[in-house]
């Protein structure tokens, strides 16, 4: 309970001292106001009841992922069109999808692809199985319950491609997750990604991303709108990084996106 109380007061304070120092006074003030309004959510989290919401998240995301795919269909087609070029020596493509959720990316994978899925939330399995049936042209090897930071059950240099979409916004340690991806990829393999990121500091989107973050954190199961994810990718040690910044046709606070791939 002592740790829960520490988390509660940390949430109420908003963010770390370093982050607060980089934020303007209006952002700090309105973030504090939103944190106060989120007090019931902080208490629910502190006493351990937030875990009940995690059971509902797969139901919510199943419906949200359908809408997301409708709006981002062309971007995903463009992103995944080069997957087949990373087939291993045996002529078969092996993909590890981190944070697979409900399997919203399966429709974009080439026929015959072997797929390994990981997600920290075991309650996704029901919806994942439904999408597997709809995409039976793929070969599903296994589903592993694990975080992006620790995928020790997956062997070194064992996959051709790692896919991660809308996941790096919610992992605890982005750099460690990227190190795990690098370990798992074979030499010459690639990491494909789509992520929403923080907006330009001169915009109102940036302001509202920071102000609304305390509430968004709960609604999005730890999702952070304020991450400069591209910086982590630039420092991850990949031999070749192809990355684009785009404005997605989505709710304004998650419009700023990056997508592309990085080769080991």
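Since every read-out is calculated from the coordinates, none of them should be taken as a lab result. Small disclaimer: the values here were computed from a predicted structure and weren't measured. Glycine gets a Cβ as well: all are built from the backbone with ideal geometry, and neighbour counts include every protein chain shown.
Observations on the model:
- Degrees between helix 51-80 axis and first principal axis of the chain (Cα, 0 to 90, nearest 10): 60 degrees
- Annotation for segment 74-106 versus segment 185-264: alpha-carbon center distance of 19 Å.
- Each Cα pair under 8 Å and six or more residues apart adds its separation to the average, and for the chain the resulting relative contact order is 17 percent.
- Modelled label positions at residue 69 and residue 152, each set 7 Å beyond Cα in the direction of Cβ, lie 3.4 nm from each other.
- Looking at segment 65-263 alone, DSSP beta bridges between its own residues are antiparallel in about 45 percent of cases.
- Nearest 10 degrees, 0 to 90: helix 25-37 Cα axis against the chain principal axis: 90 degrees
- Where a label projected 7 Å from the Cα of residue 92 along Cα→Cβ would reach, residues of segment 104-137 with amide N under 16 Å: 110-117, 136-137
- For the pair residue 81 and residue 134 in one chain, pulling the backbone fully straight at 0.36 nm per residue adds 17.1 nm over the alpha carbon distance.
- Sites residue 25 and residue 240 - FRET efficiency at Förster radius 35 Å, r taken between beta-carbons, to 0.05: 0.25
- Full extension of the chain between residue 107 and residue 248 gives 48.8 nm of extra length, using 0.36 nm per residue less the Cα-Cα distance.
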